[in-house]
Amino acid sequence: MDTCIGGGNMAWTGRELRSTINEDGTLVLSLEQVELTEPGDDEVIVRIEATPLNPSDIGLLLGPADLSRIVSDAPGARIAFAVPPTRLAAVAGRLGVSLPVGNEGAGLVVAAGRNAAALEGKRVGMSGGAMYADYRRIGMHDVMLLPPGANAADGASMFINPLTALGFVDTARREGHKAIVHAPAASNLGQMLQRICLADGIALVNIVRSEEQAALLRGIGATHVLNSKDEDFAARLTDAVAQTGATIAFDAIGGGKLGSDILLAMERAAARRPGAYSRYGTAVFKQLYIYGSLDPAPILLDRAPLGYAWSVSAWLLFHYLSKIGPDAAQRLRQRVADELTTTFASHYTRTIGLAEVLRPEVLRAVERKATGEKFLIDPRQG
């Protein structure tokens, strides 16, 4: 709600979702009342109308808590879970620190500083953290106007997934790769990546975990879609890599042996070329990027059959944007804005109020990170 303070100035008070891991081994999620004063010259205040629950938010939101062990619960205001003692060392740096949550969102600019006056009354998308709230004070350069006809739900996810998908394609080009392997491929991000690759003429090998997911991707034009649960998955993956020439992969699963299987398929495909044999493996360089941890288990890598021309690295959007510089990053953001409701359209299975995030059943559904199940928060719903 808007309130007036001394001197006729305005303040905006509302809720903000906070995540705290205490030293006694409890994760506390709470809705705190915060007050935002008038924006500075280069700032705006946005009434948040839509913000997604992304996998990239879940690690901060839930940490390593055991969601089966509720310590205390004040419905709509606070909930606490136990953190197993063996997991506390991994989050030692955040113990006792109350952290805001939510990477991105969209809403209506309700106040603007002198240099941002043109944004007042407009709907914008934004990125910068602390989006699970009623209001967000943010710099004018961290928001983008939504295109005509787009609503807040359209713009809620216009940063993380779209820029990540564009970043994959740009990374592949910069590093000299001509085709990409992606897993798991049926997510909102995966669908965006497929549409980008179709538009830009880049071959893409999609790895999914069900026939329903495979059908979804084929429905938007995907040519190479493989179900990792099929008995002949390894052989079909090698064939698809050989057909496309894919030598770079992006894997959000992280744990387990899928990354190793992808590299092995690339090596086997390269070995089919005449004269490729060497006791050190082929000379074709293969790159695997890990960009998520849907499976928190250790990464299993069988390096013996891979030869010596490969690399496994982490890929993070924020590091990538910093590396390419502001001008290149802005060009990518503009493409997202131009194609927001087509190439970069996001789909949600459920919209909830801010207080509903504190419900145990919602948090457990979020923790599953199931492909095709995506929540959107609209604080106006309660």
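The values are calculated or read from the model by the stated rules, or taken from the named source; none is laboratory data. Nothing here was measured: the structure is a model prediction, and the numbers come from that model. Positions of Cβ are generated from backbone atoms using ideal geometry, with glycine treated the same way; all protein chains shown enter the neighbour counts. Surface accessibility is based on the protein's heavy atoms, side chains included, excluding ligands, DNA and RNA. Shrake-Rupley method; radii C 1.70, N 1.55, O 1.52, S 1.80 Å.
Every condition in (1) touching a strand residue (DSSP E or B) at 6+ places or on another chain (Cβ under 8 Å); (2) surrounded by 24 or more Cβ atoms within 10 Å (Cβ to Cβ); (3) outside any strand (DSSP E or B) is met by VAL169 except one, and the failing one is (2).
Selection of the stretch 178-212 for residues being small (Gly, Ala, Ser), assigned to a strand (DSSP E or B) and touching a Leu at 6+ places or on another chain (Cβ under 8 Å) yields ALA179, ALA183. Look at the stretch 349-365: where a residue is open to solvent by 10 Å² or more (accessible area, probe 1.4 Å) and a partner is assigned to a loop (DSSP other than H, G, I, E, B) and modelled with pLDDT of 95 or more, sitting 6+ places away or on another chain with Cβ atoms under 7 Å, you get THR351/ASP378. Here the condition is being open to solvent by 40 Å² or more (accessible area, probe 1.4 Å), among the aliphatic types (A, V, I, L, M) and over 29 Å from ALA252 (Cα atoms); of VAL71, VAL46, it holds for VAL71 alone. Of the residues LEU53, LEU31, the single one that is under 26 Å from THR164 (Cα atoms) and not polar (S, T, N, Q) is LEU53.
Which of the residues spanning the stretch 244-265 are open to solvent by 10 Å² or more (accessible area, probe 1.4 Å) and part of a strand (DSSP E or B)? If the condition is that a residue be open to solvent by 10 Å² or more (accessible area, probe 1.4 Å) and part of a strand (DSSP E or B), then GLY256 is the only one that fits.
Just need a number here: residues in the stretch 138-163 that are part of a strand (DSSP E or B) and surrounded by 20 or more Cβ atoms within 10 Å (Cβ to Cβ).
Here the count works out to 3.
With respect to being without any contact (Cβ under 8 Å) to a residue 24 or more places away in the chain and open to solvent by 50 Å² or more (accessible area, probe 1.4 Å), ARG174 fits the description.
Here LEU300 fulfils each of the conditions (1) in contact with a helix residue (DSSP H, G or I) (Cβ under 8 Å, 6 or more places away or on another chain); (2) more than 30 Å from ALA82 (Cα to Cα) apart from (2). With respect to the conditions (1) over 25 Å from GLU373 (Cα atoms); (2) touching a Leu at 6+ places or on another chain (Cβ under 6 Å), ALA252 lacks only one, and its number is (1). If the condition is being open to solvent by 10 Å² or more (accessible area, probe 1.4 Å) and part of a strand (DSSP E or B), then the stretch 112-125 contributes ALA112, ARG123. Of the residues screened, LEU316 is one that is surrounded by fewer than 18 Cβ atoms within 10 Å (Cβ to Cβ), modelled with pLDDT of 95 or more and within 23 Å of PRO55 (Cα to Cα). Once the stretch 269-307 is narrowed to residues that are at pLDDT below 95 and polar (S, T, N, Q), the residue that is most open to solvent (accessible area, probe 1.4 Å) is SER293. The criterion of being more than 22 Å from GLY307 (Cβ to Cβ), at pLDDT 95 or above, open to solvent by less than 40 Å² (accessible area, probe 1.4 Å) and β-branched (Val, Ile, Thr) does not hold for VAL181.
Look at the stretch 15-26: where a residue is free of Cβ contacts under 8 Å to residues at least 24 places away in the same chain and closer than 14 Å to ALA92 by Cβ, no partner that is assigned to a loop (DSSP other than H, G, I, E, B) and among the acidic types (Asp, Glu) sits 6+ places away or on another chain with Cβ atoms under 8 Å.
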